[in-house]
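The values are calculated or read from the model by the stated rules, or taken from the named source; none is laboratory data. Keep in mind that what you see is a predicted model, and the values were worked out from it rather than measured. All Cβ positions, glycine included, derive from the backbone under ideal geometry; neighbour counts span all protein chains shown. Quick note on the areas: whole protein, heavy atoms, side chains included, nothing else; ligands and nucleic acids left out. Shrake-Rupley method; radii C 1.70, N 1.55, O 1.52, S 1.80 Å.
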Amino acid sequence: CGAIAAHSPVLREVKARADKGMALLGICNGFQIICEAGLLPGVLLPNAGLKFVCRNINLRVETSQSLFTARYEKGQVLSVPVAHHDGNYFADEKTLDELESREQVAFRYCAPDGTIGAGLDPAHNPNGSARSIAGVFNRTKNVLGLMPHPENAIDALLGSTDGQGIFKA
């Protein structure tokens with residue numbers, strides 16, 4: 001997903017600006033596009049269960065040391081909706097190890113208490129993402145891609161205000 005859009009002429013300008021430090025947030029399809037465009041490592045594959053997932057999930061904040069996550073505490077658990085069929089984040093083991101060592105993992109799917117389920121636990125990893133990764137940064141952390149929809153968790157009427165921190169930061 002996102003492969004055709006990643007080759008759109010406008011993406012050349014988006015890449016150039018991101019390279020100069022502009023903040024770039026890719027949510028859901030945007031995450032797919034910026035991965036395919038090479039702005040972030042990895043790809044988004046069909047969900048492990050091959051079904052569309054639409055529900056609130058829990059996310060654990062993996063770092064507060066970024067423009068996007070500065071309003072959160074490391075380890076904080078957020079309630080945010082997901083709505084996707086192709087949200088299974090995948091990268092090879094070397095890339096995953098590099099993301100971990102550089103603290104480029106922004107969010108992980110988790111249980112309400114913040115624990116990470118083992119393997120492909122659909123209760124807490126709705127799409128089977130590698131290492132329960134829900135969002136990643138580029139090396140300089142000015143680009144963030146994530147599958148969950150924090151923009152749908154900014155008002156109590158929507159059921160959660162947990163997404164506000166990304167936008168207020």
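Take every Cα pair under 8 Å in segment 65-169 that's 6+ residues apart, average their separations, divide by the length, and report that relative contact order as a whole percent.
Reported relative contact order: 37 percent.
Heavy atoms of the protein only, probe of 1.4 Å, neighbouring chains included. What is the accessible area of Ile166 in Å², nearest 10?
Accessible area, nearest 10 Å²: 10 Å².
With the contact rule set at Cα under 8 Å and sequence spacing of 6 or more, what percent relative contact order holds for segment 84-140?
Values: 69 pairs, mean separation 24.5, N = 57.
For segment 84-140, the relative contact order is 43 percent.
Rolling a 1.4 angstrom probe over the protein heavy atoms, how many square angstrom per residue are accessible across segment 1-129? Working shown, then result.
Working: 6510 Å² over 129 residues.
I get 50 Å² per residue for this part.
Please state the relative contact order of segment 1-77 as a whole percent: Cα pairs under 8 Å, 6+ residues apart?
Once normalised by length, the contact order is 24 percent.
For Tyr89, enumerate residues with amide H under 5 Å from its amide H, sequence gap 5+ or separate chain, H modeled in the peptide plane.
Correct list: Leu45, Ser129, Ala130.
Counting only helical runs of four or more DSSP H residues, what would the 222 nm mean residue ellipticity of the chain come to if each run contributes -39,500 (n - 2.57) and the total is spread over all its residues?
My calculation for the chain gives -5500 deg cm²/dmol from helical runs alone.
Count neighbours as other Cβ atoms within 10 Å of each site's Cβ, and list the trypsin sites (Lys or Arg not before Pro) in segment 1-104 that are DSSP loop with at most 15 such neighbours.
Passing both the DSSP loop test and the Cβ count: Lys20, Lys51, Arg71, Lys74, Arg102.
Give the accessible area for His7 in Å² (nearest 10); use a 1.4 Å probe, count only protein heavy atoms, and leave out ligands, DNA and RNA.
Probe radius 1.4 Å; accessible area of His7 about 150 Å².
Skipping prolines and chain starts, which residues have an amide H placed within reach, meaning under 5 Å, of the one on Gly135, given they are 5 or more residues away or on another chain?
Distant-sequence amide H within range of Gly135: Ala106, Phe107.
Under a 10 Å cutoff between Cα atoms, tell me which one of Val143, Val14, Val105 has the largest fluctuation in the Gaussian network model of the chain.
Of the options given, Val14 has the highest mean-square fluctuation.
Using a 1.4 angstrom probe on heavy atoms only, work out the carbon and sulfur share of the accessible area of the chain in %.
55 percent
How much of the calculated P(r) for segment 28-111 lies past 15 Å, in percent of all Cα pairs?
Cα-Cα pairs in segment 28-111 separated by more than 15 Å: 65 percent.
Gaussian network model of the chain, Cα springs within a sub-10 Å range: biggest mean-square fluctuation belongs to which of Cys110, Cys28, Cys54?
Per the Cα network of the chain with a 10 Å cutoff, Cys54 tops the list.
If you place +1 on the Cβ of every Lys and Arg and -1 on the Cβ of every Asp and Glu, how big does the dipole about the Cα centre of the chain come out, in debye to the nearest 20? Mind showing how you got there, number by number?
Numbers: 16 positive and 17 negative charges, 70 e Å.
For this selection, approximately 340 debye.
When Cα Rg over 2.2 N^0.38 Å is calculated directly from the model, which label among (1) 1.18; (2) 0.95; (3) 1.35 fits?
Comparing each candidate, only (2) matches the computed number.
Would you mind pulling out the separation of the Cα centroids of segment 47-74 and segment 143-169, in Å?
10 Å
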